[in-house]
Structure formats: structure tokens, C-alpha cells
Amino acid sequence: AVDQGLTVFIISWVNPDQSYAETTFSDYMTEGAFAAIEAIKEATQQSTVNALGFCVGGTLLATTLAYSAAKKQNSIHSATFLTTLIDFTDPGEIGVFIDELQIEAIEKRMKTEGYLDGRLIMNAFNMLR
């Protein structure tokens, strides 16, 4: 993208620990995606950005786009998704990890610990490979 003359910013997902126990998905959108978009617009003096979301970051981007559309905000000119689950009604191969029993176990663990340890997600991806 840089070779094509585009200015590129990379925003990384934070692997949460106990200090993020009170952080919500909405917080990731407002303090993450929207804050990054505003910083990029300010740095580039552009009114819109082209965004690419990967994995859960893509799910966050899709949510951000939906929220932006509902609020009639137009800061995202285009969006590209890589390895992103958007339609949870047909999750594909990863569905073996997100059936009702797995979701109940994850929710119970998150209620106890306050966050989902990234090592659990890493193990799921390792098993998929």
C-alpha cells in the first residue's frame, strides 16, 4: 500500500488482562476505532479513511460501520475485511468453538475473571490449523 502512494496507519488489538475487566466492546469502538479514525484524519488532513479489518478487528470495523451509518457519520470511505466473522449465523469452521456449550463456558469464565484470556483464542486458532 505504501508503494502505491498510500499513507498507512496500523492499529493493533490489545490482548486484555484483568485491568480491562470493565472494558466493553463499545469502548473498543469509541476509544479504539473512532479515536484512531479521528487521529488519522487530523494527521492527514483528510475527511475520510479507507479501513482494513482483520479477524476480531474486522468484526469491530463492521460494528463501527453499522454504528456510523446509524448516526449518519461518513468518516470511513471504504472497508476491507480479512479473515473476519461478521455473520455469526453461519460461522463456518470456527463454529466448532462457538456452539452454545462453548459460549456458556466462555461467558462463565469472563464473568469470573472479567476478560477473555488471549491464550484461549490462540489455542482455538492452533487447533484450526
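The values are calculated or read from the model by the stated rules, or taken from the named source; none is laboratory data. Fair warning: this is a prediction, and the values are worked out from it, not measured in the lab. Positions of Cβ are generated from backbone atoms using ideal geometry, with glycine treated the same way; all protein chains shown enter the neighbour counts. The protein model used for the area step is the full one, side chains on, heavy atoms only, and it has no ligands, DNA or RNA in it. Shrake-Rupley method; radii C 1.70, N 1.55, O 1.52, S 1.80 Å.
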TODO: Taking all protein chains together and a probe of 1.4 Å, list Leu85, Leu52, Leu101, Leu60 from the most accessible to the least accessible.
DONE: Leu101, Leu52, Leu85, Leu60
Task: Computed label-point distance, nm, for sites Lys108 and Asp87 using a 7 Å Cα→Cβ extension - done: 3.2
- [ ] Answer with one residue from Tyr67, Ser78, Gln45: the one whose Cα lies farthest towards the positive end of the charge dipole of segment 20-129, charges on Cβ with Lys, Arg +1 and Asp, Glu -1.
- [x] Gln45
Open item on the list: Can you list which of the DSSP-assigned H helices in the chain have a Cα extent of 18 Å or more along the long axis and an average Kyte-Doolittle score of at least -0.5?
Closed with: 56-70
- [ ] Mind checking the per residue accessible area of the chain for me, 1.4 Å probe, whole number of Å²?
- [x] 74
Task: Pair Ile98, Glu31: separation of 7 Å Cα→Cβ label points (nm) - done: 2.4
Task: Accessible surface, 1.4 Å probe, highest first, among residues Asp87, Asp3 - done: Asp3, Asp87
TODO: Any chance you could look up the accessible area of Thr84 with a 1.4 Å probe, heavy atoms only, rounded to 10 Å²?
DONE: 40
- [ ] Return a whole-number percent for the relative contact order of the chain, with Cα pairs under 8 Å and 6 or more residues apart as the contact set.
- [x] 28
TODO: Please work out which option in (1) 13, 41, 28, 12, 5, 1, 0; (2) 12, 44, 31, 11, 2, 0; (3) 10, 37, 34, 17, 3 gives P(r) over Cα pairs in 10 Å bins from 0, in percent calculated from these coordinates, and answer with its label.
DONE: (3)
Open item on the list: I'd like the accessible area for Glu113: 1.4 Å probe, protein heavy atoms, all chains in place, Å² to the nearest 10.
Closed with: 60
Task: Nearest-10 value in Å² for the accessible area of Thr24, using the 1.4 Å probe - done: 70
Open item on the list: Suppose only helical runs count, i.e. DSSP H with n ≥ 4. What mean residue ellipticity at 222 nm does that imply for the chain under -39500 (n - 2.57) per run, divided by all residues and rounded to the nearest 500 deg cm²/dmol?
Closed with: -12000 deg cm²/dmol
Open item on the list: Can you give me the % of accessible surface on the chain that is carbon or sulfur? Probe 1.4 Å, all protein chains present, nothing else counted.
Closed with: 56
